[in-house]
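Visitor: If you scroll down you'll find the structure; I have some questions about it.
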Amino acid sequence: MKNLLKYLLALLITVGALYLAFRGQDFSAIGDQLSHTSIWAVSLLVLFQILAHFVRGWRWQFLLRPIKPKTSLWIAFKAVMAGYAMNNVIPRSGELIRPAMASVEEKMPFAGTLATIIVERIFDVIALGSLFVFSLFSYEKEFKSAFPDLAGAAIPLLLIISAGLIVFVAIFISKRVSDFFLGLIHKIFPKKIADPLAHAFETFTTGLHGLQRDTAIPIILGTIAVWGCYLTSTYFGLYALLGSGIDAIGLKGAIVLLALSGIAITIPTPGGTGTYHYFIKSALILFFAIPSDTAAAFAIVTHAVNYIVITVIGIIFMLTAGVTLKTAKKKETDADSLPTMR
């Protein structure tokens, strides 16, 4: 029942966002714009997306070292692709598929593998937050007009990122700090809330404490490379529609689109469907004065090519590994049944 409600919520958000993105649009005009799609531009767009996932797999190997010193880059890459593919079908399901694939093919414990992904997300949140803050300060007036709620988040977000970094480093350096926060959770919250919250916190700190000091630099460089690939992909995407003029927004505009697409993907819809279209189309119109039909066509083509290619390749990887969402959920259940520390 709980899963059904989550799926229904995701469906409602997707349908609502698609409606907001395309209401009142002239679809024949959008079709005309799509007929001018540049094959080389969308090919480079997809290529750098896949390269970003490959680098993500390389970075993940350093996070996995405490569990297994030597892992296969190819297996890590396949697991990353499969995770994103499943997120394109069922929101958040990729967070189970990815560690399940690594667990099966590398013979590693599921719980420990999941912990590394939670730690990885912290690095990505910091990167996305930094891009978002840069975008806010670069286009403050436009953000206030187009996304007033997001515009008011600049200072709070900076404070949250700063505080998060301090806590992150403190937990990494000293286990006493994580024990302090764990005790605080049990003191502040009632048992029904404290137990699952403490379990999630322990999963995170287990992955963080497992990091080796000499892996910090490769992980940081890997994070920069991952988001550099995303930015390059977004930049090539500006040339996706020949003669549209979108390429004129340049690198600075590409950073804004990347930040907004990152936010869109975090909302629980299948691969950002609907939310990506709404944010990207709105930004192109309100920030850069791109015509509505052109902006809508751009959102459609840049989302569709990534969605289709990543989903097809990732599903093939998942099926050849013999992993399904059912087996991944079973591994999660088995991991949750293990006793937690107090």
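Visitor: Looking at the range 62-85 only, could you name the residues that are closer than 17 Å to ILE50 by Cα and among the hydroxyl-bearing types (Ser, Thr, Tyr)?
Guide: TYR84
Visitor: Separate question: Please work out which residue is farthest from TRP74 (Cα to Cα), limiting yourself to the range 92-113 and to residues that are among the aliphatic types (A, V, I, L, M) and buried (at least 22 other Cβ atoms within 10 Å of the Cβ).
Guide: Going through the qualifying residues, I end up with LEU96.
Visitor: Among the residues of the range 63-90, count how many are touching a Pro at 6+ places or on another chain (Cβ under 8 Å) and modelled with pLDDT under 90.
Guide: 1
Visitor: Within the range 263-298, which residues are more than 13 Å from PHE22 (Cβ to Cβ), surrounded by fewer than 24 Cβ atoms within 10 Å (Cβ to Cβ) and of a type in the set (S, T, N, Q)?
Guide: THR266, THR294
Visitor: Would a scan of the range 240-249 turn up a residue that is under 30 Å from LYS191 (Cβ atoms) and either part of a helix (DSSP H, G or I) or touching a Pro at 6+ places or on another chain (Cβ under 6 Å) (or both)?
Guide: no
Visitor: Is at least one residue of the range 265-286 assigned to a helix (DSSP H, G or I) and in contact with a strand residue (DSSP E or B) (Cβ under 8 Å, 6 or more places away or on another chain)?
Guide: Scanning the range 265-286, I find no residue that is assigned to a helix (DSSP H, G or I) and in contact with a strand residue (DSSP E or B) (Cβ under 8 Å, 6 or more places away or on another chain), so the answer is no.
Visitor: Okay, next question. Given the criterion in contact with a Leu (Cβ under 6 Å, 6 or more places away or on another chain) and either part of a loop (DSSP other than H, G, I, E, B) or at pLDDT below 95 (or both), identify the matching residue among GLY262, GLY207.
Guide: GLY262
Visitor: Does ILE50 qualify as being part of a helix (DSSP H, G or I), modelled with pLDDT of 95 or more and either among the acidic types (Asp, Glu) or at negative phi (or both)?
Guide: The answer is yes for ILE50.
Visitor: Residue by residue through the range 26-81, note down the ones that are among the aliphatic types (A, V, I, L, M), buried (at least 21 other Cβ atoms within 10 Å of the Cβ) and within 16 Å of PRO99 (Cα to Cα).
Guide: Passing the criteria: LEU63, LEU64, ALA76, ALA79, VAL80, MET81.
Visitor: Sticking with this one: Would you say TRP74 is part of a helix (DSSP H, G or I) and under 15 Å from the mean Cα position of the chain (by Cα)?
Guide: no
Visitor: I've got another one for you. I'm trying to understand the selection: among the residues of the range 1-32, which are touching a residue at least 40 places away in the same chain (Cβ under 8 Å) and not in a helix (DSSP H, G or I)?
Guide: GLN25, ASP26
Visitor: Listed residues VAL301, VAL226; which is touching a Lys or Arg at 6+ places or on another chain (Cβ under 7 Å), at pLDDT 95 or above, of a type in the set (A, V, I, L, M, F, W, C) and surrounded by 21 or more Cβ atoms within 10 Å (Cβ to Cβ)?
Guide: VAL226
The values are calculated or read from the model by the stated rules, or taken from the named source; none is laboratory data. Fair warning: this is a prediction, and the values are worked out from it, not measured in the lab. Counting neighbours? That spans all protein chains shown, and the Cβs are built from the backbone with ideal geometry, glycine included.
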